[in-house]
Each structure stands twice: as structure tokens, then as C-alpha cells.
Amino acid sequence: LIRSQRDKEIQKPDADDLYDVGTAFNVLRMRKNADGSVQMLVQAFARVRVHQYRKADGYLEASVVQLPEVEDKPTEVRALFREVKERFENLLKDGKYLSPEVAQFVMNLEDASQLADYIAFHLDFKLEDKQRILATPSVVDRLKRIAILLDAELDLMETQRRIQQQVREEIDKNQREF
């Protein structure tokens, strides 16, 4: 079970320091690093909510229930799926960096639920936004939230470009005056 901490500064989080909704996964690969840390390659298979905690051997064990997905209108899901994919592609074209493997993987997804979850995970949205998306049962609602966040990121990138252009113009103007 993977869950996010509410406050990343807490070294040894307790149950109250973690979000209730997380992701169940299978470990595909694991390796211990020289510094004692562990790296894992995992494959998520379900969004889950923690039902109950139990301390065991210094660790937290959790009983979980899989979050059901709401049946949405297929036409609305397809339309939002296309819209989100298009906005994601625009973000990549506008210079947002993601590893080519991840970008290609996301672009090849055919499942709307997975698309929402993978974009939320891989882009640098606020943790609260990612968590809200993860906890939302409706695929339509998750895709709408992703679309809003992608729009905000696209607007931010456009504003950065505009500012960079203004700075360049000001520098050029100052250099011409000297």
C-alpha cells in the first residue's frame, strides 16, 4: 500500500500523518542502495481507502477497501478522455519535461481512469490536488479535475513565456541604449 504523508517533514509518520486513500500495488523490482535506502519499481492495481490500522512489529498494517468507480456516461468519459489527452500533449509540446518513456506511456493509455491517475501522479501538481483526484470515485470527475489542472499549468507556462519575452526585450532595449 502506498499512501502520501500529510507533512513530509515528519520522519516517522503515524496513521494520523497519512492520507486515508492510497494505492495498492505489486512490487516488480526492489533494490537496496549503498546508503541504506530502497528503490522499488511497482505496478499499481487499485485505489484503496484504509479502513483500519494495526501496529505490528513496529510497522503499521492496514485493512483496506477498494474504492469503487462510479458508472459514468460512456460518451462523456470518451470526450473528456480525448480532451485531457490533447491538453497533456499540448503541455509536452509547450516544453513541460517528462521522461520520454513516461510521456509515451501516458499517450498510449486507452483507459480513462488510468489516464487520470497517471497524469496526476507524474505531473508536479500540489499533493492536495493529487490526493483529491485519487479519492474521487467518478472517472468523469477525475478527468475534469485533471483538465482544470492541465489548463492552469498551460496558463502558467504561457505567462512564464510572456515574462521571459518581456525581460529579453528590456535587456535588448538597455543594450541598444549603451
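Count Lys and Arg as plus one, Asp and Glu as minus one, and take only other residues whose Cβ is under 12 Å from that of R168; the net charge is then 0. Per residue of the chain, the DSSP helices (runs of n ≥ 4 H) give a summed -39500 (n - 2.57) that works out to -16500 deg cm²/dmol at 222 nm.
Within the assembled protein chains, the solvent-accessible surface assigned to E69 is about 90 Å², based on a 1.4 Å probe.
Highest-first packing order for the peptide set 48-59, 120-131 is 120-131, 48-59, based on the mean count of other beta carbon atoms within 10 Å.
Provide, for q = 0.13, 0.14, 0.18, 0.25 Å⁻¹, the log10 of I(q)/I(0) from a solvent-free Debye sum over equal Cα point scatterers in the range 66-110. Here log10 of I(q) over I(0) equals -0.39, -0.45, -0.66, -0.90. If R0 is 30 Å, the Cβ-Cβ spacing of E83 and H51 corresponds to a FRET efficiency of close to 0.30. For the range 33-158, the number of Lys pairs with C-alpha atoms closer than 24 Å, counting only pairs eight or more positions apart or on separate chains, is 16. Among the protein heavy atoms of the chain, carbon and sulfur supply 50% of the accessible surface, probe 1.4 Å, non-protein parts ignored. Rolling a 1.4 Å probe across all protein chains gives R31 an accessible area of roughly 140 Å². Label points 7 Å out from Cα along the Cβ direction at D35 and E169: separation in nm? Label at D35, label at E169, 4.4 nm between them. Label point 7 Å out from R161 along Cα-to-Cβ: which residues of the range 90-107 have amide N under 20 Å? In the range 90-107, the label zone of R161 (backbone N under 20 Å from the point 7 Å along Cα→Cβ) covers 90-99. In the range 1-75, the C-alpha radius of gyration followed by the widest Cα-Cα span (Dmax) gives 15.1, 51 angstrom. Largest GNM mean-square fluctuation across D72, D151, D141, computed for the chain with C-alpha springs under 10 Å, falls on D72. Over all alpha-carbon pairs in the range 96-148, figure out the percentage whose distance exceeds 17 Å. Value for the range 96-148 (Cα pairs over 17 Å): 32 percent. Rg/Rh, computed from the Cα trace of the chain with Rh as the Kirkwood radius, has the value 1.08.
Looking at the chain, the accessible area is 71 square angstrom per residue; that uses a 1.4 Å probe and ignores ligands, DNA and RNA.
The calculated pair-distance distribution of the range 117-171 uses every alpha carbon pair, bins of 5 angstrom beginning at 0, and gives 4, 19, 23, 17, 10, 8, 8, 6, 3, 1, 0 percent.
The values are calculated or read from the model by the stated rules, or taken from the named source; none is laboratory data. All of these numbers come straight from a predicted model, not from anything done at the bench. In this analysis, Cβ positions are derived from the backbone assuming ideal geometry, glycine residues included, and neighbour counts consider all displayed protein chains. Heavy atoms of the whole protein, side chains included, go into the accessibility calculation; ligands, DNA and RNA do not. Shrake-Rupley method; radii C 1.70, N 1.55, O 1.52, S 1.80 Å.
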